[in-house]
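The next block holds one structure in the form of C-alpha cells; read it before the comments.
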Amino acid sequence: MSEKTILVLFGGCSVEYEVSLASGREVLAAMAETRYRPLPVGITREGRWLYCPEALDRLSGGSWQDGGCVPCTLDVSRGSRSLLLLDGGGERIRIDAAFPVLHGKNGEDGTVQGLLELAGIPVVGCGALSSALCMDKKRSLLLVGGAGIRVPKSVWFTPADSRQAVHDAAEEIGYPVFVKPVRGGSSLGVSMVREEEALDAAVEEAFRHDGEITVEETISGREVGCAVLGSGELLAGEVDEIEVRGGFFDYGEKYSLKNSFIHCPARIPPSQAEAVKEAAKKIYRLLACQGFARVDMFLTEEGEPVFIECNTIPGLTVHSQYPRMMAAAGLAFPQVVERLVELALEARP
C-alpha cells in the first residue's frame, strides 16, 4: 500500500491563529507516529498559503515562516487533488486527504471545508454544512432545542436593534447572563454580565467579534463536555468537567488553566455520564457532524444535560479537552489522528 499524503492546514485568518499553531504542532507530531505522511501548509494571518516541510520543528521553536517555506495554493480543479507550489517550478504535490486544524472564522466555519469539497479532496472532520451550522450558536441552538433537548433561553440581536431591547431581554432572562458573538470560538468576545451596568460594555465587546450577538441564560450546574469520534458508529470519550474558581472558562483560562481545573472523568455518577454521552451523540448527529467534534453542555443539579455549543475543530493542544477525553477512553492522540484520517479516506467523495 502506497503512503497516503495528508494536507495539514494550520494558522489562518482568525483571532484564534495562535491556538491553531499550537494544535497544528500537536497534529503534525502525532501524525509522525502514524502510517500517513503529513504535508504541512501554514496560512498566515494575512491569508498567504505556505508549504513548510520543516513546520514541526519551526512551530516548536519559534516563527514557522522563517525560511524554508514555499508559497503555494490548492488546485481546485475537481479530481486534481494537488497542491501547486508557486516558486516558478510548477511542481504539484498529490493530496489524498486534508486535515484543517484551523480554529474560528475562515477555517472552522465551513469556508475551507467547502473549498476542499469543491476540489473533491476528502476532509478530515466535519464538512461545510455542519462546520457552518455549529459555528453559528443561534442556528445550532434552535435546531437542537427543536429536537427536544434543553438549551439556554436566548435572545439574538444585530446592531440595528436598540440597546433598550437588549436591556429588556437581559432583565427578562435574569442576571447573570452571558453575552456572546453568535459566530466565534475559544470564548473570545464572551462576557458574563452580573448586573445591568456592565451590559453595554459586554455588548460592544461581542459586536467586535461578530455582527450578531446573543444574550443567554446562565445555567446552574456542572460544565461538562463530551468528545465524539466517528461517522457511522460513534465513540464517546470520557465526560469531563470544568471547575472554575471564580468567573467563567474564558479564553485565558482555556489555554492557561490558572484558576481552573479539568476533571476527567467528571465527578458525576455513571448514570449521569451516560446521559451526557447519549445527548452528545444525538446532538452530533442532529448537527450533521462527522469525523470528530466536542459537545459542550451544562449538567443541572437534577442531572439534565443542557446543550451550549458544538466545536467541530476543538482545541488539540496539550491543554485541550478533546485529546484528554479520548485518552481517558483508551485512545492515545496518535491513534485518534490515524482514525480520523481513516474515516476521511473511507468516506465517499
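State the Cα centre-to-centre distance between region 1-53 and region 138-160 in whole Å.
33
What's the angle, to the nearest 10 degrees (0 to 90), between helix 333-346's Cα axis and the longest principal axis of the chain?
Result, in degrees: 70.
Would you be so kind as to identify which of Val112, Leu345, Ser260 lies farthest towards the positive end of the dipole of the chain, taking Lys and Arg as +1 and Asp and Glu as -1 on Cβ and the Cα centre as origin?
Value computed over the given set: Leu345.
Quick check on my link table: of Lys105/Lys180; Lys105/Lys153; Lys4/Lys281; Lys4/Lys282, which ones sit more than 23 Å apart, alpha carbon to alpha carbon?
As for pairs spanning more than 23 Å Cα to Cα, those are Lys105/Lys153; Lys4/Lys281; Lys4/Lys282.
Where the only charges are on Cβ atoms (+1 Lys, Arg; -1 Asp, Glu), what is the dipole of region 194-236 about its Cα centre, to the nearest 20 debye?
For this selection, approximately 360 debye.
For the pair Ser220 and Arg35, how long in nm is the line joining their label points, each one 7 Å along Cα→Cβ?
Going by the 7 Å Cα→Cβ label model, 5.4 nm.
Net charge near Leu116, counting Lys/Arg +1 and Asp/Glu -1 over other residues with Cβ under 14 Å of its Cβ?
-3
Under a point-charge model restricted to the Cβ atoms of Lys and Arg (+1) and Asp and Glu (-1), what is the dipole moment magnitude of the chain relative to its Cα centre, in debye to the nearest 20?
1100
Among Met192, Met135, what's the order by accessible area (1.4 angstrom probe), most exposed first?
Reading off the accessible areas and sorting them downward yields Met192, Met135.
Which whole-Hz ³J(HN,Hα) couplings does region 117-125 yield from phi under the Karplus relation 6.51 cos²θ - 1.76 cosθ + 1.60, θ = phi - 60°, glycine and proline marked x?
Working through the residues one at a time gives 5, 4, 7, x, 9, x, 9, 6, x Hz.
Keeping all protein chains in place and using 1.4 angstrom, which order do Leu102, Leu133 fall into by accessible surface area, from largest down?
Sorted by accessible area, descending: Leu133, Leu102.
Shape call for the chain from the C-alpha gyration tensor, a ≥ b ≥ c root eigenvalues: rounded (a/c under 1.5), prolate (a/b greater than b/c) or oblate?
Judged from the Cα gyration tensor, the chain comes out prolate (a/c at least 1.5, a/b above b/c).
Select from Ala201, Gly174, Leu188 the residue farthest towards the positive end of the dipole of region 160-217; place +1 on Cβ of Lys and Arg, -1 on Cβ of Asp and Glu, and compute about the Cα centre.
Result: Leu188, furthest along the dipole toward the positive end.
With a point put 7 Å past each Cα toward its Cβ, work out how far Ser80 is from Ser2 in nm, to one decimal.
1.9
Given labels modelled 7 Å from the Cα in the Cβ direction, how far is it in nm from Lys153 to Leu129?
3.4
Taking the 0 to 90 degree range and rounding to the nearest ten, how far is the long axis of helix 17-31 tilted relative to the main principal axis of the chain, both from C-alpha atoms?
Between helix and principal axis, roughly 50 degrees.
Considering the chain, which cysteines have no disulfide-compatible partner, defined as another cysteine with its Cβ under 4.7 Å away?
Result for the chain is Cys13, Cys72, Cys126, Cys226, Cys264, Cys289, no neighbouring Cys Cβ within the cutoff.
The values are calculated or read from the model by the stated rules, or taken from the named source; none is laboratory data. Treat the numbers as computed from the prediction; the structure is a model and nothing was measured. Here the Cβ is made from the backbone with ideal geometry for all residues, glycine too, and neighbour counts use every protein chain on show. Keep in mind that these areas ignore ligands, DNA and RNA; they rest on the heavy atoms of the full protein, side chains included. Shrake-Rupley method; radii C 1.70, N 1.55, O 1.52, S 1.80 Å.
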